Amino acid sequence: MTLLTIYMPSKRSLEGSHQAIESALAYARHVDARLIVSDNSGDAEKRRWLETLSPRLHYVASDAVSAPDNWRPAFGTVETPFLMPMGDDDLIFFREDEKAVDLATLPEDVVGVRPATQIWTLTDGVRHTERFTIDADTPADRLIDYGRKVKGNNSIYYSIFRTRPFLSVMRSFVEHHPTTGGYIDWAICLSLFAAGRVVFDPSFTYRYDLGRWSRTETLNEAKAKLYTDAGLPADTEKFWGLLLFLDLYVFLHRLPLDASQRENANVVSRRLFLAAFLRSVIENPDRFDEMTRYIVDLIAAEQRLDSIFQLSVYLTDCIKPGLKDGYVRYYQAVSTA
């Protein structure tokens, strides 16, 4: 029985993506998995190649303009209980001498299986390799666990996850999020970690290409582009902790958590992410306008979590006028679904 689907949204040309596709297909053969490539490159040569490459590969020709819209084909075509997202500039390697984690026997409290993740650049090669797991017993403690272990990148996103919670969160994002910004991967991962533990599989390695994120001279440009592509100001990164708190607060409604677990996870999110944003406003007031500073003072003085969330939603209008209404609709759609 096939348990895993590798899903690759791909906008690169055949020349730019064929190595990633071939490595994913080799791994799919090795572990009896499927590969879905949702291709919005418009490259006719790539389409001809993919359509006949392998019976394991399901090719989807997409006319999506944005990356989130190019995720939509996965929603109805993934039939396996586990899914692994993959970038079309990354590579997968596997080891014959290591036994793979048996997905069929994973405990129910395990939401994901992570590979050894090589952080790689064209100029430096492998900078370091990450193997950390998320082991804590409660949703709140797993958020703390990740915050302690993560080293500045969110490459653990490229892991094997249970399909149901992963696609539930992704549907909420693609169908209802007010910006569908590419910065969302942190909130997606954190919500999944709230849903369960993540174990390590030594039998395969994921090589994550840092690309433009690897160089100081292009890092700020890359960060700004995440937000401008989503219709937000280029300096929106200064609101990152606020946006992460809001998105995680909403996503947690899509996961099998009771009210107490969800509240405790949101308390941790407030402490880890929102509080860092509040401090940045208080310590650097010249970077923010008067209304932002006023609402931040109200949030800092508030104790009730629901009021903190409401004030934080109101504050998004200081990022972009009208964003508040988008977040209200987003929250209502996801929390009542």
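The values are calculated or read from the model by the stated rules, or taken from the named source; none is laboratory data. If you're wondering where the values come from, they're calculated on a predicted model, not measured in any experiment. FYI the Cβ positions are ideal-geometry reconstructions off the backbone, even for glycines, and counts take in every protein chain you see. Accessible surface areas use protein heavy atoms only, side chains included; no ligands, DNA or RNA. Shrake-Rupley method; radii C 1.70, N 1.55, O 1.52, S 1.80 Å.
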Would you mention how many residues in segment 47-82 are within 17 Å of residue 33 (Cβ to Cβ) and among the hydrophobic types (A, V, I, L, M, F, W, C)? 7
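State all residues of segment 37-94 that are in contact with a Pro (Cβ under 7 Å, 6 or more places away or on another chain) and farther than 22 Å from residue 181 by Cα; if no residue qualifies, say none. Steps first, answer last, please.
Step one: of segment 37-94, the residues in contact with a Pro (Cβ under 7 Å, 6 or more places away or on another chain) are 38, 60, 62, 67, 70-71.
60, the sole residue that qualifies.
Among the residues in segment 18-38, are any farther than 19 Å from residue 90 by Cα and either out of contact with any helix residue (DSSP H, G or I) (no Cβ under 8 Å at 6 or more places or on another chain) or not basic (Lys, Arg) (or both)?
Taking segment 18-38 as the starting set, the residues that turn out to be farther than 19 Å from residue 90 by Cα are 32.
Filter once more, so that each one left must be either out of contact with any helix residue (DSSP H, G or I) (no Cβ under 8 Å at 6 or more places or on another chain) or not basic (Lys, Arg) (or both): 32.
Yes: segment 18-38 contains one or more residues that are farther than 19 Å from residue 90 by Cα and either out of contact with any helix residue (DSSP H, G or I) (no Cβ under 8 Å at 6 or more places or on another chain) or not basic (Lys, Arg) (or both).
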Per the list (1) open to solvent by 20 Å² or more (accessible area, probe 1.4 Å); (2) touching a helix residue (DSSP H, G or I) at 6+ places or on another chain (Cβ under 7 Å), residue check on residue 184 breaks on (1)
In segment 52-94, anything open to solvent by 30 Å² or more (accessible area, probe 1.4 Å), in a loop (DSSP other than H, G, I, E, B) and either charged (D, E, K, R) or over 30 Å from residue 122 (Cβ atoms) (or both) is listed as 52, 55, 56, 63, 79, 81, 89
Applying the selection to segment 294-311, what residues are loosely packed, with under 12 Cβ neighbours inside 10 Å and closer than 24 Å to residue 253 by Cα? 303, 304, 306
If a residue must be crowded, with 17+ Cβ neighbours inside 10 Å and farther than 11 Å from residue 246 by Cβ, how many such residues does segment 327-337 contain? 1
Per-region count, segment 169-189, residues in contact with a Leu (Cβ under 8 Å, 6 or more places away or on another chain) and farther than 9 Å from residue 251 by Cα: 6
